[in-house]
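Student: Have a look at this one before I ask anything.
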Amino acid sequence: HNLNAVITKGEVYKWATINAGLIDEGILSSIGYRDKLFYKKPFSHQDVRILQEALLNYCENHGYPFAIVKLDSLDIEGEEISAVLALDKNKEFKIDSIEIKGDAKISMVYLSNFIGVSKGDLYNEGLINDIGVRIKELRFVKETSPVQAVFSENDTKLVLNLKGKQASLFTGMVGFMPKNKDDGKL
């Protein structure tokens, strides 16, 4: 049995336009979006995916971890595709509390300053993902499992699982100074 297949590539589709007019201009500017990036350019699913991911990353780092991006009102006329880029940011989240689980002895104020995340800050996925790297810089604390963001309807809590560890390095300097310049005693 022989099977013959005929593949026809068909026409090359290109963008007529992606209308992003419903999205805040500041957000579009922050991710580097310009209308001309798609206008009359060959259709590329990869380019659209990169644009959607850039919008989602922006939202995740500015208080909207559950944002949704989609192409709406898709229309094909001949070889040209047009669509509306839609962004639903959903609810804004702020960090309501930071909880330490484990036996680590560390001041919450010091920890917040060190990791760059404080109570009341907008949720920022980038900063939260970097917490583990920052914790590794501390000699007296060890992360036993990755940080968790716990969302509820009314608040957002970060849970850090930290264990104390022995700090084995001491650096200091000792010096002598005269008690007063008249008698020369130390």
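The values are calculated or read from the model by the stated rules, or taken from the named source; none is laboratory data. Computed from a predicted model, the values in this text were never measured in an experiment. Reconstructed Cβ throughout: ideal geometry from the backbone, glycine too, with neighbour counts over all protein chains shown. The accessibility values were calculated without ligands, DNA or RNA, using every heavy atom of the protein model including side chains. Shrake-Rupley method; radii C 1.70, N 1.55, O 1.52, S 1.80 Å.
Student: Could you check the stretch 78-129 and list, in sequence order, the residues that are under 18 Å from L56 (Cα atoms) and not in a strand (DSSP E or B)?
Tutor: K89, N90, K91, E92, F93, Y123, N124, E125, G126, L127, I128, N129
Student: State which residue is least open to solvent (accessible area, probe 1.4 Å) when the search covers only the stretch 81-109 and only residues that are among the small types (G, A, S) and more than 30 Å from F140 (Cα to Cα). Give the derivation first.
Tutor: Initially, the stretch 81-109 is screened for residues among the small types (G, A, S), giving 82-83, 86, 97, 102, 104, 107.
If we keep only those that are more than 30 Å from F140 (Cα to Cα) as well, we get 82-83, 86.
Details: S82: 30, A83: 5, A86: 22 Å².
So, considering only residues that are among the small types (G, A, S) and more than 30 Å from F140 (Cα to Cα), the one least open to solvent (accessible area, probe 1.4 Å) is A83.
Student: Return the residues of the stretch 33-77 that are assigned to a strand (DSSP E or B) and either under 30 Å from L158 (Cβ atoms) or of a type in the set (S, T, N, Q) (or both); say none if nothing qualifies.
Tutor: First, the residues of the stretch 33-77 that are assigned to a strand (DSSP E or B): 42, 68-77.
Result: I68, V69, K70, S73.
Student: Would you mind telling me which numbered condition in (1) modelled with pLDDT under 90; (2) at positive phi; (3) surrounded by 10 or more Cβ atoms within 10 Å (Cβ to Cβ) Y39 fails?
Tutor: The number of the failed condition is (2).
Student: Counting just the residues of the stretch 67-80 that are touching an Asp or Glu at 6+ places or on another chain (Cβ under 7 Å) and either closer than 11 Å to A16 by Cα or open to solvent by 30 Å² or more (accessible area, probe 1.4 Å) (or both), which one comes out modelled with the highest pLDDT? Full working, then the answer.
Tutor: Looking only at the stretch 67-80, we keep the residues that are touching an Asp or Glu at 6+ places or on another chain (Cβ under 7 Å), and these are 67-68, 79.
From what is left, the residues that are either closer than 11 Å to A16 by Cα or open to solvent by 30 Å² or more (accessible area, probe 1.4 Å) (or both) are 68, 79.
Details: I68: 97, E79: 89.
Per the stated criteria, the residue is I68.
Student: Here is a further query. Give me the pairs: first residue in the stretch 122-136 and within 14 Å of L111 (Cβ to Cβ), second residue in a loop (DSSP other than H, G, I, E, B), beta-carbon distance under 6 Å, and six or more apart or on different chains, which are they?
Tutor: Matching pairs, first to second residue: L127/G116; L127/V117.
Student: So, one more: Of everything in the stretch 21-52, what is over 17 Å from E80 (Cα atoms) and either of a type in the set (A, V, I, L, M, F, W, C) or in contact with an Asp or Glu (Cβ under 8 Å, 6 or more places away or on another chain) (or both)? Give them in sequence order.
Tutor: Matches in the stretch 21-52: L22, I23, I27, L28, I31, I50, L51.
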